[in-house]
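Below is one structure, written out as structure tokens; comments come after it.
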Amino acid sequence: GHHRIKHGAAFAHDLVITRNRRRYSGTGKRLEDHYAWGQPIVAQADGIVTAAADQNPDMPIGQSGGFNNANYVGVYYGAGIQGFYGHIQKDSLKVKAGDKVKKGQTLALVGNSGASGTPHLHFTMTDMSSFSVKGRFTYELRRGTKWLQVNAKDLPPNQIIRSWDPPTTTSQPK
């Protein structure tokens with residue numbers, strides 16, 4: 001949708017967490033009400049952090065900050081491809097420029113910085129000239145009441161998908 005007009009985000013995805021078709025609990029007026037808020041953002045593959053910033057404040061729900069005020073992490077994955085993770089939470093970076101990262105390693109936490117009205121992860125893959133490129137993802141797609149495993153495909157627009165299901169309660173190890 002709105003990403004298509006930007007060369008660096010033409011194939012970007014805004015990823016949220018829903019439960020019972022809702023993105024938040026209660027009224028949703030607080031950042032903490034949103035299920036995505038504070039969730040870990042993980043590296044999609046082994047790579048090297050090229051840039052990272054988390055000094056900008058998270059915006060209140062419904063208020064958008066400036067495009068250049070988004071906190072972010074950039075990771076070079078090789079073969080001229082980099083991943084860009086945006087709207088990360090202020091002061092949540094777990095990595096810095098120059099760090100080597102492994103697939104699944106936590107980079108930062110989901111926030112609401114920059115041009116964002118609600119907590120979500122903005123993710124895009126780009127070539128080295130910062131032009132957005134299509135990515136391939138592994139996820140589950142909901143068909144009725146069942147989840148269908150999909151490997152190395154485009155994310156379908158306007159569908160309910162999951163790549164992982166964050167815990168709803170904190171459990172103690174046994």
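The values are calculated or read from the model by the stated rules, or taken from the named source; none is laboratory data. Computed from a prediction, not measured in an experiment: that's the story for all the values here. Cβ placement follows ideal geometry from the backbone for every residue including glycine, while neighbour counts extend to all protein chains displayed. Heads up: the accessible areas ignore ligands, DNA and RNA and are worked out on the full protein's heavy atoms, side chains in. Shrake-Rupley method; radii C 1.70, N 1.55, O 1.52, S 1.80 Å.
Observations
- Residue match in region 92-103 (condition: crowded, with 18+ Cβ neighbours inside 10 Å and touching a His at 6+ places or on another chain (Cβ under 8 Å)): no
- Pair list, Cβ under 6 Å, 6 or more apart: region 127-155 residue in contact (Cβ under 8 Å) with a residue 40 or more places away in the chain and open to solvent by 60 Å² or more (accessible area, probe 1.4 Å), other residue assigned to a loop (DSSP other than H, G, I, E, B) and hydrophobic (A, V, I, L, M, F, W, C): 134/11
- Tally of residues being within 18 Å of residue 34 (Cα to Cα) and surrounded by 17 or more Cβ atoms within 10 Å (Cβ to Cβ) across region 104-122: 13
Let's see how each residue does on (1) in a strand (DSSP E or B); (2) closer than 30 Å to residue 149 by Cβ:
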site: 52; (1), (2): yes, no
site: 85; (1), (2): yes, yes
site: 94; (1), (2): no, yes
site: 104; (1), (2): no, yes
site: 109; (1), (2): yes, yes
site: 135; (1), (2): no, yes
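- Extreme residue, most open to solvent (accessible area, probe 1.4 Å), among residues of region 10-39 that are closer than 17 Å to residue 159 by Cβ and over 13 Å from the mean Cα position of the chain (by Cα): 21
- Tallying residues that are over 16 Å from the mean Cα position of the chain (by Cα), open to solvent by less than 40 Å² (accessible area, probe 1.4 Å) and among the acidic types (Asp, Glu) within region 40-68 yields 0.
- Inside region 69-80, residues that are within 17 Å of the chain's Cα centre (by Cα) and open to solvent by 30 Å² or more (accessible area, probe 1.4 Å) make up a count of 4.
- Failed criterion for residue 84 (all others in (1) modelled with pLDDT under 95; (2) closer than 16 Å to residue 64 by Cβ; (3) under 14 Å from the mean Cα position of the chain (by Cα) hold): (2)
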